[in-house]
Amino acid sequence: MICRNIFFVLFIFLGIKLTVNAQVKLPALVGDNMVLQQNSKVNLWGWAAPNEKIMISLGWQKNPVETVANPDGNWKIAVETPNGSEKPYNITIKASNNIILKNILIGEVWICSGQSNMYFPVGKEDGTWKTGVKNYEEEIQNANFPSIRLFTVLTKASQKPLDDITGKWAECSPATIKTFSAVAYFFGRDLYQNLKVPIGLISTSWGGTKAEAWTSQSVLEQNTDFIPILEQDAKNEKIFQEKLEKYYADLKNERLANNNDSSFKSQLKKPKKEENKTSYVLYNAMLHPLINYTIKGVIWYQGESNAEKAFLYRSLFPAMVKNWRSDWNQGDFPFYYVQIAPHKGQNPDIREAQFIASKSISNSGMVVTTDVGNATNIHPIDKQTVGYRLALFAKAKTYGYKNLIYSGPTYNHMEVKKHSIELFFDDVANGFKKSKEDLKEFEIAGKDQVFYPASAKIKGKTILVSSKQVKEPVAVRFAWKAVPEPNLFNAENLPASPFRTDDWENKPNNNQGK
């Protein structure tokens with residue numbers, strides 16, 4: 001009898017424990033202060049007891065909606081949203097427990113991702129950034145936009161796809177904007193001031209990371225061009241393990257030599273593993289948990305860490321974009337990105353790879369930053385211009401603003417004209433910007449593939465390039481070096497992207513700038 005009572009008590013205790021553990025839980029993205037994409041079917045999701053019934057009341061509609069958790073306790077439901085407005089709503093979720101989500105807005109939602117230039121905050125961040133953006137104190141003081149909502153994904157790496165992230169939604173204010181992505185903020189602020197609807201910005205970025213870290217394992221494994229990336233990861237892991245084994249062996253010998261004296265302090269340095277440099281680990285930890293969240297599009301600022309293998313980036317970057325679009329299952333959503341700025345540690349090939357990608361990625365756009373870079377600072381502080389130019393693409397291509405020039409001159413093709421080459425461009429409907437200075441950073445070559453500084457003159461909507469040293473020209477290069485200082489703009493003051501008309505193997509050249 002006593003045993004039976006004990007088992008009964010244990011059963012009740014375990015039953016209570018299971019009930020508590022089975023309460024409905026929500027991912028970090030589905031929370032107070034969030035922005036939901038307007039005029040869409042947006043996902044709400046979470047976890048509950050297997051087969052548990054869940055009722056959801058939406059502040060913008062009369063009738064609640066219902067769903068049931070599957071046998072594994074996962075649930076997801078798509079709900080319709082109205083036009084965007086600054087009216088806050090609540091969402092009530094009822095099951096074995098009740099959850100009330102407060103201060104929800106309906107508007108436009110954008111993912112903001114990449115490496116350090118996307119992560120770069122509006123203000124100073126102790127121990128990390130020497131300075132914030134230009135005029136950061138003024139920008140922080142004026143950042144009173146409660147209808148712009150900010151979500152920063154905590155940096156994390158994982159070998160396996162995760163279901164949740166760490167972070168929370170916050171209203172944009174001087175207190176919250178200081179550590180938020182500057183590019184994302186200036187992009188979102190421009191959209192908010194023009195669209196007049198709430199803006200949700202999800203910043204998921206990490207400095208020093210490569211595109212392969214943001215790409216899924218299956219995509220990397222399915223393309224033979226990307227297998228060497230995974231092989232190098234395996235080699236790096238082996239090298240790290242060997243260093244770790246040596247460290248512990250040396251530490252053991254030190255301890256024995258000092259008779260395990262507890263006061264002895266070793267001078268050995270334990271090797272550190274850079275988890276965020278490995279393939280697919282950021283996709284798993286910082287992107288995969290987001291794919292249920294309905295979005296409008298993506299802005300991206302990355303490429304510096306892939307510069308050494310720029311040719312591979314031509315295919316890797318489009319594959320990553322395709323990977324994201326496939327997983328979100330929202331079609332070819334807008335994907336606007338930033339061509340990396342001039343810097344002494346970069347090469348022109350990575351900018352070319354980004355330029356070529358803009359031709360192969362549908363519904364995309366590339367912001368040129370040759371005029372806002374810094375030769376000695378890989379984190380240039382003019383993030384306002386970058387955010388504004390990203391917003392130009394969104395306003396023109398996504399939101400249908402008419403007669404808006406959103407791109408600088410884009411090289412299209414060339415024609416040889418006796419002793420000169422004529423260059424033809426897109427995005428010069430109103431012509432080029434007139435300048436008292438001669439056009440800079442043009443070079444020209446003949447069949448010998450030796451480039452010489454060239455004279456470049458505007459001829460209507462084309463440019464004629466020539467040099468007395470090249471009688472029979474065959475190729476032109478523009479801003480083709482690590483730190484170019486070009487001055488070719490269209491009438492809207494948007495810069496032309498660096499380009500070359502040839503596909504010759506790059507070789508050091510006495511006539512080519514560093």
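The values are calculated or read from the model by the stated rules, or taken from the named source; none is laboratory data. None of these values were measured; they are calculated from a predicted model. Here Cβ is always computed from backbone atoms with ideal geometry, including for glycine, and neighbour counts include all displayed protein chains.
Points to keep in mind about this one:
- Condition check for residue 350 on (1) crowded, with 19+ Cβ neighbours inside 10 Å; (2) closer than 25 Å to residue 155 by Cα: one failure, at (2).
- Of all the criteria given as (1) of a type in the set (Val, Ile, Thr); (2) surrounded by fewer than 22 Cβ atoms within 10 Å (Cβ to Cβ); (3) farther than 17 Å from residue 486 by Cα, the one not satisfied by residue 372 is (3).
- Residues that are out of contact with any strand residue (DSSP E or B) (no Cβ under 6 Å at 6 or more places or on another chain) and assigned to a helix (DSSP H, G or I), drawn from the range 263-293: 275, 276, 277, 281, 282, 283, 284, 285, 287, 288, 289, 290
- Cβ-Cβ distances below 8 Å connect the following pairs, each with a first residue in the range 386-398 that is assigned by TED's automatic domain parsing to the domain that holds residue 113, a second residue that is of a type in the set (Gly, Ala, Ser) and part of a helix (DSSP H, G or I), and a separation of six or more residues or different chains: 387/182; 387/184; 387/188.
- Yes/no for residue 184 being among the small types (Gly, Ala, Ser), more than 30 Å from residue 230 (Cβ to Cβ), modelled with pLDDT of 95 or more and assigned to a loop (DSSP other than H, G, I, E, B): no
- The range 101-116 - residue that is of a type in the set (S, T, N, Q) and within 30 Å of residue 46 (Cα to Cα) and, of those, surrounded by the fewest Cβ atoms within 10 Å (Cβ to Cβ): 103
- Residue ID - surrounded by the fewest Cβ atoms within 10 Å (Cβ to Cβ), chosen from residues in the range 117-137 that are of a type outside the set (Phe, Trp, Tyr), touching a Phe, Trp or Tyr at 6+ places or on another chain (Cβ under 8 Å) and not in a strand (DSSP E or B): 124
- Counting only residues that are in a helix (DSSP H, G or I) and surrounded by fewer than 23 Cβ atoms within 10 Å (Cβ to Cβ), the range 187-209 holds 5 of them.
- When residue 260 is tested against (1) modelled with pLDDT under 95; (2) polar (S, T, N, Q); (3) part of a helix (DSSP H, G or I), only condition (3) is not met.
- Some residue of the range 339-361 being aromatic (Phe, Trp, Tyr) and under 15 Å from the mean Cα position of the chain (by Cα): no
- Boolean, residue 359 is in the same structural domain as residue 183 (by TED's automatic domain parsing), among the basic types (Lys, Arg), modelled with pLDDT of 95 or more and over 24 Å from residue 195 (Cα atoms): no
- Set 426, 327, 332: member being outside the structural domain of residue 292 (by TED's automatic domain parsing) and of a type outside the set (Ser, Thr, Tyr): 426
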